[in-house]
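A short write-up of the structure that comes next.
The values are calculated or read from the model by the stated rules, or taken from the named source; none is laboratory data. What you see is a predicted model; the values in this text were computed from it and never measured. Methodologically, a virtual Cβ is constructed for each residue, glycine included, from the backbone with ideal geometry; neighbour enumeration extends over all protein chains shown. Ligands, DNA and RNA are excluded from the accessible area calculation, which covers all protein heavy atoms including side chains. Shrake-Rupley method; radii C 1.70, N 1.55, O 1.52, S 1.80 Å.
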There are 2 protein chains.
Amino acid sequence: MTVAPLPKASRRGLAQEAADLIREAIFTGHFPPGAQLREVELAASLGVSRGSVREGLALLEREGLVHSVWHRGTTVVDVTAQDVEEVYALRAALDRLAATSAQRNATADQLTELDTLVRAMAQEISGDASGTTLLALDIAFHDRIYDAANNRRLVEAWRAVRSQIYLFQLRRIALGYEHYRARVVDEHRELVTLLRADDRETLARRAEEHVDSARCSLLAGLSPSM
Amino acid sequence: MTVAPLPKASRRGLAQEAADLIREAIFTGHFPPGAQLREVELAASLGVSRGSVREGLALLEREGLVHSVWHRGTTVVDVTAQDVEEVYALRAALDRLAATSAQRNATADQLTELDTLVRAMAQEISGDASGTTLLALDIAFHDRIYDAANNRRLVEAWRAVRSQIYLFQLRRIALGYEHYRARVVDEHRELVTLLRADDRETLARRAEEHVDSARCSLLAGLSPSM
DNA sequence: TCATGTCCTAATGTTGACATTCGACATTGA
DNA sequence: TCAATGTCGAATGTCAACATTAGGACATGA
């Protein structure tokens, strides 16, 4: 009894859809860190069966957003300073590879797309929008670099930390993001310049330092409360 | 279907067990690259339900051993030269981070364990065992380094390539492994030495080169047949 | 002969019911 | 009073049946 065949364009399965919805709920704070994600509850709330919810939660575990223990359910990950260190150390290594690979493989179109994103960031800053838009642009910028790297496995590894980084930064923005705002545009613009240049070693180093600067400013804003 | 309540000591759920069995079957060549893994078939063969098989296949997909498309089932990954490049590029980045992190965090016990593994490799070479034992030691060696790095996310990322590397090397060994045999011990011994030393930059570089040497010798042995 | 459209089949996607496990509370005994 | 133990509830783990889909065989037409 399919009443509305139109929204069927998704074609991705209910598990993916459930994962998207739950992820969004985590980002909006509906499920705070450490909260239990009960399968029956979610199934009823989302209008799908427990099996699909279960599979969706498995996808979110791949992204590092939730953690599940045998017969003890799944909970939203708790953010400790140790977690931040781990994620950003891994991200630095991935970004380094992504940048150097993209330097070799990126097309002209992909590079101009990066320019566009940097310009959008600059415009966002002159306005007074909430930091979330800026953050979305930041993530999108790095998404493009990973795409340009042309390495499916690398993109997979990036997905495993991407959501966590988004979550960390969301929390940080809630506490004020002047520091972030001050540096984003310049740092990203420099990355594009280096991508266009021919100096592999400098690019690799700067890509790592870019992540490290993000890590430091995140820890500085979060440490007292954790 | 509870015939034997004794081996119930696993306590890891049927999905994990199913994943282990299927992984083993892939390694032994029972499921060649590109083979379809039908859920009903596996469920019947393993004596568990389709749901558990399904979950187990999802675990194997996390490891990059299988690939599944919506409503088209899951197949064993096919090994192309592109795949080798991707996996080894990613592994080089991960190994670099693992080595430098382990240099800071490794305990004396962990380092002596690495010594033991290198000695075991040397002994294995003087004997005439099949290369699989040597390969297992090789993987175990790097497992220890990742453990010593003390970064759960990094270990997760390593798991996502570990099985693929094992699969690649297995195939390579089948075609003769004199080249591999000649270098393994020396290269790993050097890594341990560098881990004990204080030179971060050299260690990082050598860790990357260690992977690159493995990549080259793998491609050299495999290229004609792929 | 080729293109096209319709079935049909074999597989996966999805679901609700059943079995198992964990944590907490109450109970019992010293 | 306290510790060990039994019971209970709620949640997850597992299962087998139902719905949906992709891909091919077949027939039809130009």
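Selection within segment B:72-93: residues that are open to solvent by less than 50 Å² (accessible area, probe 1.4 Å) and in contact with a Pro (Cβ under 6 Å, 6 or more places away or on another chain). The member of this set that is nearest to residue A:207 (Cα to Cα) is B:79.
The residue that is nearest to residue B:55 (Cα to Cα), among those in segment A:44-71 that are open to solvent by 10 Å² or more (accessible area, probe 1.4 Å) and away from chain B (no Cβ under 12 Å), is A:48. Of the residues in segment B:11-24, not one is in contact with a Phe, Trp or Tyr (Cβ under 7 Å, 6 or more places away or on another chain), in contact (Cβ under 8 Å) with a residue 40 or more places away in the chain and away from chain A (no Cβ under 14 Å). Quick one: is residue A:76 within 14 Å of chain B (Cβ to nearest Cβ), over 21 Å from residue A:215 (Cβ atoms) and hydrophobic (A, V, I, L, M, F, W, C)? No; evaluated as a whole, the condition is false for this residue.
Working carefully through the options A:160, A:220, A:214, find the one that is at pLDDT 95 or above and of a type in the set (A, V, I, L, M, F, W, C).
Sole residue among the options that is at pLDDT 95 or above and of a type in the set (A, V, I, L, M, F, W, C): A:160.
Has segment A:81-96 got any residue that is in contact (Cβ under 8 Å) with a residue 12 or more places away in the chain and away from every other protein chain (no Cβ under 12 Å)? Checked against the condition, which is being in contact (Cβ under 8 Å) with a residue 12 or more places away in the chain and away from every other protein chain (no Cβ under 12 Å), segment A:81-96 yields at least one hit. Taking segment B:50-66 as the range and being within 27 Å of residue B:221 (Cβ to Cβ) and either more than 12 Å from DNA strand C (Cβ to nearest atom) or small (Gly, Ala, Ser) (or both) as the test, the residues that pass are B:60, B:63, B:64, B:65. For segment B:100-153, a residue qualifies if it is open to solvent by 60 Å² or more (accessible area, probe 1.4 Å) and of a type in the set (D, E, K, R), and the qualifying residues are B:104, B:109, B:113, B:119, B:128, B:144, B:147, B:152. For segment A:189-212, how many residues meet the condition of being of a type outside the set (Val, Ile, Thr), closer than 26 Å to residue A:79 by Cα and open to solvent by less than 30 Å² (accessible area, probe 1.4 Å)? Adding up the residues that qualify gives 2. Residues that are more than 21 Å from residue B:159 (Cβ to Cβ) and of a type in the set (D, E, K, R) occur at least once in segment A:58-73.
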